[in-house]
Each structure stands twice: as structure tokens, then as C-alpha cells.
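Since the structure comes first, as C-alpha cells, the remarks are kept for the end.
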Amino acid sequence: MGDVDKAREAGYPSNSNAGSQYSVGDSKASLAHTTDSEDENPDRGNWSGRLDFLLSCIGFAVGLGNVWRFPYLCYRNGGGAFLIPYALMLFLAGLPLFFMELAFGQYASLGPITIWKVSPIFKGLGYGMIIISGLVCIYYNVIIAYTLFFLFSSFTSEVPWAKCGQTWNTCNCTDRTRKAATVNATMGLNSTIMSALNKTMNSSACEYYKAKTPSEEYWERHVLDISSGLDEAGSLRWELAGTLLLAWIIVFLCLAKGVKSSGKVVYFTATFPYVVLFILLIRGVTLEGSWKGIEFYLTPDWNRLTDAKVWLDAAVQIFYSLGPAWGGLITMASSTYITCISPVEMP
């Protein structure tokens, strides 16, 4: 019994060309020339091209975790020293698991649950993958809703979180100009005046020792409209509800036709993060004191490598970024083509 027959008995889909005997040189199977009617799996569909699948994997691995979380982890875990455990975890755990799931999903051409017919005892892993991916999709769409809110709010000559004086600001709002003026004024006061000033500040309604930036108050008091506590539910933020609905509509449109539609969207979503990272790089190096941050990043704290938490953060970041064991890699790889080449029988 051949490998193809064994795969059929196990319940895995097989290539319609798998039974034909032809040499590698005579193979005409090319992913770039397939159409919807030639899909290997008509029910699930297949990628329209190799580049669609490649960009989907890149977009799956490079996202918010790289833009937000990775710089923070480098700062917290010794700067450049963090790259050593990160690189080790990447090559020893991340990439092997990444490749294994792609190969497993491509061979089986099944989803994260049905793929475990290879070993039914592990079927619970498939359900766990679906649950994790569902939770991640929910809170990622909330983040996208916040992003859309800020995007629409920025269509003004001056962004509303740049300065104090807005309706949502309190007396604790302190921008750079006001803060600099306060520091210059207090530096010239003697101890007697400072003591009297402290008494006045403590008795006033404005608690300057809890000074907040305009952007902080914009986020807490306008975007989120945070209530005083759990005992106060607060009102519904219709603007956020609208942007959240828009985020889910965008997701639906991207997935309406499966990999046929998402494969075209990734041409933007997979390349755009790199454009954003490049813009943030240029913006960062042009800020005052940026070279101090670069010096900190390039001057590793080797003592942090003895801390087990640094290695744990590196491993978590690899799994958070590449996404093995989440089911996404298996799902994307299941829609790729498999070209089975049978050996040429010698007479």
C-alpha cells in the first residue's frame, strides 16, 4: 500500500494528481497558475499564490507584539542583553515549532480540531487553540477600535490631546509649557515661601502632586471615560461602540471569501507594520535625548542574564509573536497545495 492510500485510509485529503506517475521534470503543478475551480480542497479553498501565503505568515508573526511589547521587554530586561535569550529561544523553540506546524497543516489540509484525528487523544489541544485564538481576536479588535478612534480624532489641525484646556481636562492637567514655568518659578523661592505654597496646594482642590499629561487625561477621561469605581457602571461610549463595530466589519470583509480575500488583504497588512516601524524609528532618533536611549540599548546589562524571568520573557515573546500552538499556522498551511510526485517506474 502506498503513502497516498495510507493517507486516504487515515482520513486526510489527497491530491487528485497523487495517483498519476510522472517525473519531477514533467510536473506542471504550479501554484501561480491555479484558479478557484482547480482548488485542491474546494470546501476550504486554496491560496491564489505562494506570495499570498508567505505574506500571511509574515503578517501573522509581525504585529502589535513587535511594535509595542518587544521594545518594552528590551528596556526592562537589560537592553541589548535581552537579545541573547531572545535569539536562543527563537532558533531553539520558535522557528522549529513554526515550521513543524506549517508542515503538519499542509500535509493534513485540515483545521486545528479535525487535524488531531492523527491522534484523537490530543483533540483537546485543537479546542484549546480555537479558544485562545478567539479570545485574542476579541481583545485585538478592541485595540483596533481604540486605534480607529484616535485615527478619526487626529483629522484636525491640532490633535486634541496635545494641550490642556479641553472640556475633559482637570486642574491636574500639566503640559510641557506649564510644567517648565512651574519649575522655573519654584526654583527661585526660599524655604519659607515653599512651605506656605505647600500648605496652599494641600488645601486647594487642585492636587498638583498628581499632575497628569494632556494625553493621559484624554485617554482616561475622554476616550475611556473611566468611572470612579466598580460601583459606578458609567455610560456607554457610543463612539467606541461604533469604531468596534467598524473593526468587526473590516474583519468580516477580509475573511468573507476565506483565503481568497484574506490573501489579497495581506499585501497591505503584512507590509504596513514595517512602514510604521520605519516611521517610528525616524521619529525616535530625531527626539531630544534619543541617543541616550540608543546607548542604553547598545550597552547590555549582562547581570540580567542570570535572572530566570528574563529568559521567561524571551520565551513568552517568541510564542506571542510567532504564534505556535495557537492554531493560526495550521489553518493557513491547510490551504496550501501539496504536489505529490510519484517515482517513475522503470520497465
Note on the range 281-332: alpha-carbon gyration tensor, axes a ≥ b ≥ c; rule is a/c under 1.5 for rounded, else prolate if a/b larger than b/c, else oblate; result oblate
Which of the peptides 136-149, 230-243 is most tightly packed, and how do the rest follow, judged by the mean count of other Cβ atoms within 10 Å per residue? 136-149, 230-243
What are the residues whose amide H is under 5 Å from the amide H of GLY78, where those residues sit 5 or more places off or on another chain and H is modelled from the backbone? none
Which listed pairs, of LYS210/LYS292; LYS163/LYS210; LYS117/LYS309, have C-alpha distances above 29 Å, in listed order: LYS117/LYS309
Under the classification rounded if a/c is under 1.5, otherwise prolate if a/b is larger than b/c and oblate if not, where does the range 245-284 fall, given a ≥ b ≥ c as square roots of the Cα gyration tensor eigenvalues? oblate
Fully extended contour minus Cα-Cα distance, from LYS210 to TYR140, at 0.36 nm per residue: 22.1 nm
Hey, rough spin-label estimate for GLU220 and LEU92, points 7 angstrom out along Cα→Cβ, what's it come to in nanometres? 4.2 nm
Give me the extension gain from VAL316 to ARG44: residue separation times 0.36 nm, minus the current Cα-Cα distance, reported in nm with one decimal. 94.8 nm
Return the long-range amide H neighbours of LYS212 (sequence gap of 5 or more, or a different chain), with a cut-off of under 5 Å between placed amide H atoms. CYS173, THR174
According to the Kirkwood expression over distinct Cα-Cα pairs, how big is the hydrodynamic radius of the range 112-180, in Å? 16.4 Å
Which length gain, in nm to one decimal place, applies between ASP175 and TRP68 when the Cα-Cα distance is subtracted from 0.36 nm times their residue separation? 36.1 nm
Simple label model, 7 Å out from Cα along Cβ direction - SER153 to SER119, nm: 4.9 nm
Let a ≥ b ≥ c be the square roots of the eigenvalues of the Cα gyration tensor of the range 205-342; is it rounded (a/c under 1.5), or, if not, prolate (a/b larger than b/c) or oblate? oblate
Can you compute 3J(HN,Hα) from phi for each residue in the range 99-108, using the Karplus curve 6.51 cos²θ - 1.76 cosθ + 1.60 with θ = phi - 60°, rounded to whole Hz and x for Gly and Pro? 5, 4, 5, 5, 5, 5, x, 5, 5, 7
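Quick note: the coordinates plus some simple rules give every number you see, no bench work behind them. Note that this is a predicted model, so its numbers are computed, not measured. We place every Cβ from the backbone using ideal geometry, glycine too, and count neighbours over all the protein chains shown.
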